[in-house]
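This report refers to the structure that appears directly beneath it.
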Amino acid sequence: MFHSDDRSALTRGFTLVELLVVIGIIALLISILLPSLSRARGSAMKAVCASNQRQLGIAITQYSLENIQFIPPLSWQENALGDPRMRYPYDAYLAFERNPSDGSPALMYGQGELHQAGLIDAPEIFYCPSMVDDGHRFEKFEQVWPVAFDSNCLGPDGTQFADIRTGYQYLPPHEVTADKKFMLQKKLRMSLLPSDGLMLHDITHKLDNAGHENVWNRLWADGSVLAKQSDDIEELIETTRPIDDVTLYEPIRAMLTER
């Protein structure tokens, strides 16, 4: 038989002090675990990004086998107008662009050629999952990819897209024009590229696009993907903003080509 004191002990709840102690312990555990979880998530996204680039490398190789060793062209001018110049380094992330001279649809180029050829069916492969800039995230273009390349370039909601951007810069080995204002993309054969030639990398034209902080994944002509960690690249991007000048991009590319 229980006495009144026994029943009181059994039904007594937590005191305020005890609750505060429990909450404090939980908060401490969360503060300890969150950085680890964040790092694990970042590492997983870098791995997915590297996997995307490897798949793009396989697709580029397959494209060359189906096109007498030629790799996808780099510039819309080359594809639509026969002009091999590329206006700015940042154009290299475009997969499709309407002809700016008259607004008529231009052919796909660069990474877009891989989709058109049926070598990359899942368009999310063209996007780094860590991308911060909404203008280069898969979610922005998810609905328009299947229908963007018709005569009207209309999305399901009727929005007309002027271009479709990817999350990577496709910049195989290239020359520049004498005035150093344009990249000169000659038609390249895969068999003639050096195995250590840089083919594609995470976007570098502004820091807002840096998906892995100061780490960049890079695809090489031999199909390998290597990460490059460098505070110097981040500093160059911040100080030069190489968005519209080939000469400002070249020092960054020089760093990225260091294996």
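The values are calculated or read from the model by the stated rules, or taken from the named source; none is laboratory data. If you're wondering where the values come from, they're calculated on a predicted model, not measured in any experiment. Quick reminder, even Gly has a Cβ in these numbers, built from the backbone with ideal geometry, and neighbours come from all protein chains shown. In case anyone asks, the SASA skips ligands and DNA or RNA and just uses the protein heavy atoms, side chains included. Shrake-Rupley method; radii C 1.70, N 1.55, O 1.52, S 1.80 Å.
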First measure r as the distance between the Cβ atoms of Glu175 and Ile58, then evaluate 1/(1 + (r/R0)^6) with R0 = 30 Å and state the FRET efficiency to the nearest 0.05.
0.70
If you count only protein heavy atoms and use a 1.4 Å probe, how large is the accessible surface of Leu19, to the nearest 10 Å²?
80
With all protein chains present, calculate the accessible area of Arg259 using a 1.4 Å probe and round the result to the nearest 10 Å².
140
So how exposed is Val132, as accessible area in Å² (1.4 Å probe, rounded to 10)?
90
